[in-house]
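Scroll down for the structure; my scribbles are underneath it.
The values are calculated or read from the model by the stated rules, or taken from the named source; none is laboratory data. Remember, it's a predicted structure, so these values are computed and weren't measured experimentally. Neighbour counts run over all protein chains shown; Cβ positions are idealised from the backbone, glycine included.
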Amino acid sequence: MRSVRGGTFPARAAVALLATVIAPLHAAAAAFDVPSPEEIFQRVFTTHVGMSGVVSADAELKLRVAKPVSAPPDCVFHAVTRYDQGRQIMTIKDRTSGTICWAVQQYAPSQLFDMRKALEDVLPLFDFTVLGVKLVGDNHSYLIEGKARDLNKANPIGITVWVDYDRGLLTEGTLFYRWGTVDFEQEYAPLNGGWVLAHQYIYTSRFNASVEVSYSNFRV
């Protein structure tokens with residue numbers, strides 16, 4: 001499967017392709033018990049990602065519009081991320097010049113980079129199904145699909161996410177809005193017996209734009 005970092009592979013096509021390579025659930029159930037979507041998400045919420053004594057970190061954000069991730073960014077932002085009860089609050093310190101960079105700083109919500117916050121907001125509005133499972137090393141990752149209970153009111157109207165169940169981490173997924181999609185990938189690093197968010201890649205189809213975020217210098 002092509003990574004979302006290419007910025008061109010349709011999210012629904014990616015889900016369809018994944019269905020041909022992940023283990024069918026009936027086969028997986030023969031080997032181990034498949035948890036419910038509620039159990040999987042509860043595992044995420046009880047894992048205090050970014051905590052473990054860490055209260056802040058530096059972040060560098062690289063914005064690219066209609067460019068692959070290998071191209072030079074259109075804007076670079078430097079920020080401080082503060083962790084509060086497992087959620088992250090991002091404050092921009094400085095940025096490169098330009099109208100696009102200014103507009104992004106003014107209007108892009110900081111919670112866009114907190115996928116745990118996004119999930120907590122939308123979970124009550126969706127019906128979820130576990131579509132499949134794959135092994136990444138010794139860890140079980142589950143693919144979950146959510147469909148809005150009321151399409152007339154909900155936005156986003158759909159969601160698919162991969163969850164590393166053994167570690168309780170969101171690793172990648174797609175949020176489906178009426179105006180388009182937001183795809184994300186997340187990587188973590190071990191620290192003080194827990195896990196901290198080390199890298200994010202977020203792509204929105206509406207603007208054909210991506211943001212790459214790297215975290216460093218974690219502080220207590």
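When the residues of segment 70-96 are filtered to those that are at pLDDT 90 or above and part of a loop (DSSP other than H, G, I, E, B), the one that is farthest from the chain's Cα centre (by Cα) is Thr96.
Would you check if Val130 is β-branched (Val, Ile, Thr), under 27 Å from Pro35 (Cβ atoms) and modelled with pLDDT under 85? Taking the combined requirement at face value, the residue does not satisfy it.
If only one of Tyr203, Tyr142 is touching a Gly at 6+ places or on another chain (Cβ under 7 Å), surrounded by 20 or more Cβ atoms within 10 Å (Cβ to Cβ) and at negative phi, which one is it?
The match here is Tyr203.
Please tell me if Leu170 is modelled with pLDDT of 90 or more, under 23 Å from Lys62 (Cβ atoms) and in a strand (DSSP E or B). Answer is yes for this residue. Just to be sure, is Ile144 of a type in the set (A, V, I, L, M), modelled with pLDDT of 95 or more and either under 26 Å from Phe126 (Cα atoms) or outside any strand (DSSP E or B) (or both)? Taking the combined requirement at face value, the residue satisfies it. Regarding Glu187, is this residue in a strand (DSSP E or B), at pLDDT 90 or above and closer than 22 Å to Arg87 by Cα? So Glu187 passes the test. For segment 51-67, the criterion of a residue being more than 21 Å from Ile92 (Cα to Cα), among the small types (Gly, Ala, Ser), loosely packed, with under 14 Cβ neighbours inside 10 Å and modelled with pLDDT of 80 or more is satisfied by at least one position. For Val163, the conditions (1) in contact with a Phe, Trp or Tyr (Cβ under 7 Å, 6 or more places away or on another chain); (2) over 19 Å from Pro35 (Cβ atoms); (3) in contact (Cβ under 8 Å) with a residue 24 or more places away in the chain are fulfilled apart from (2).
Limited to segment 183-220, what total is found for residues that are under 14 Å from the mean Cα position of the chain (by Cα) and in contact (Cβ under 8 Å) with a residue 24 or more places away in the chain?
17
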